[in-house]
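A.B. asks: Mind looking over this structure? Questions follow.
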Amino acid sequence: MSKVLFAAIGAAAISAATLAQAADLPRRYAPAYDEAAYASPPAFTWTGFYGGGTAGLGFGGFNGTGAQYFGNSPSGLQFGLTGGYNYQSGNLLFGLEGDYAWSHISDSATPALGVTSSGILQNLGTARARFGYSYDRALFFATAGYAGASIRGVLNNAPTGSVADQSQWANGFALGLGVEYALTARISAKAEYLYTSLGSNSYFVGTPNPTTVGANINILRGGVNYHF
């Protein structure tokens, strides 16, 4: 009887030791899969409203029967605000954009002995459509639409004593090309070229030097936008 009892106790001890050893062995099954940790980040999109600022250089020429009173090669700086909305479908983009810039694009002339004059494009605004192609965070676009500007003419005719200082709003159109790059999900930077053709208006009416003047202005500018 005692032999049987000792044998049972020994078998139990061996079983307990085997189980303890097995518990200390490393686990070989894979950890639970965390789907959130491996999820891809959302794809970048240009769709939405945005607003920002621009700065650049304007240059070109005045035209019309009295262009000689405004100077041949106006140039100068401009600074402005812009805003718009983009809609992206696949790689294609359609958008609407408006901007207004405070400008001083000017030139002066001496069209006759004792006569001095100047022309100044003071402000420029546009409302345009944008058509673009998006490649990852880069956007290449063309743009076209309305352009308008305040053009000022100043005349001093010493021989006749005539002095005139008149501003007129000129209407026309704008065409352009540009590229924009998303630096972050909210901030983008752009560079663009705009050609603006502005219609003629009458200046210096009531003086011996009445004129009709318009303008063709090239704009090279950069900008930064915030996307809402």
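A.B. asks: Within the range 95-112, take every residue that is farther than 30 Å from S134 by Cβ and of a type in the set (S, T, Y) and give me the one that is surrounded by the fewest Cβ atoms within 10 Å (Cβ to Cβ).
C.D. replies: T110
A.B. asks: Let me ask something additional. For D136, only one of the following conditions fails: (1) in contact (Cβ under 8 Å) with a residue 60 or more places away in the chain; (2) surrounded by 14 or more Cβ atoms within 10 Å (Cβ to Cβ). What is its number?
C.D. replies: Unmet for D136, out of (1) in contact (Cβ under 8 Å) with a residue 60 or more places away in the chain; (2) surrounded by 14 or more Cβ atoms within 10 Å (Cβ to Cβ): (2).
A.B. asks: Hey, another quick one. Can you find a residue in the range 75-93 that is assigned to a strand (DSSP E or B) and touching a helix residue (DSSP H, G or I) at 6+ places or on another chain (Cβ under 9 Å)?
C.D. replies: Looking for residues that are assigned to a strand (DSSP E or B) and touching a helix residue (DSSP H, G or I) at 6+ places or on another chain (Cβ under 9 Å), one finds none in the range 75-93, hence no.
A.B. asks: Which of the residues spanning the range 178-211 are surrounded by 14 or more Cβ atoms within 10 Å (Cβ to Cβ), of a type in the set (S, T, N, Q) and more than 12 Å from the chain's Cα centre (by Cα)?
C.D. replies: T196, S197, S200, N201, S202, T207, N209, T211
A.B. asks: Could I ask something else about it? Where the second residue is part of a strand (DSSP E or B) and polar (S, T, N, Q) and the first is farther than 19 Å from Y69 by Cβ and lies in the range 161-173, which pairs have Cβ atoms under 6 Å and are six or more apart or on separate chains?
C.D. replies: Close Cβ pairs (under 6 Å, with a partner that is part of a strand (DSSP E or B) and polar (S, T, N, Q)) amount to G172/S197; F173/S197.
A.B. asks: Working carefully through the options D99, D136, find the one that is in the same structural domain as R221 (by TED's automatic domain parsing), touching a Gly at 6+ places or on another chain (Cβ under 8 Å) and of a type in the set (D, E, K, R).
C.D. replies: Checking each option against the conditions leaves just D99.
A.B. asks: Sort through Y195, Y226, Y203 and tell me the only one that's in contact (Cβ under 8 Å) with a residue 40 or more places away in the chain, of a type in the set (S, T, Y) and over 17 Å from G95 (Cα atoms).
C.D. replies: So the residue among Y195, Y226, Y203 that is in contact (Cβ under 8 Å) with a residue 40 or more places away in the chain, of a type in the set (S, T, Y) and over 17 Å from G95 (Cα atoms) is Y203.
A.B. asks: Provide a single number: the residues in the range 33-69 that are assigned to a loop (DSSP other than H, G, I, E, B) and modelled with pLDDT of 95 or more.
C.D. replies: Of the residues in that region, 2 qualify.
A.B. asks: Determine if the range 47-57 includes at least one residue that is more than 15 Å from the chain's Cα centre (by Cα) and either surrounded by fewer than 18 Cβ atoms within 10 Å (Cβ to Cβ) or in contact (Cβ under 8 Å) with a residue 40 or more places away in the chain (or both).
C.D. replies: Yes - at least one qualifying residue is present in the range 47-57.
The values are calculated or read from the model by the stated rules, or taken from the named source; none is laboratory data. The shown structure was predicted, so the numbers you read here are calculated from the model rather than taken from an experiment. Note that each Cβ is placed from the backbone with ideal geometry, even for glycine, and that neighbours are counted across all protein chains shown.
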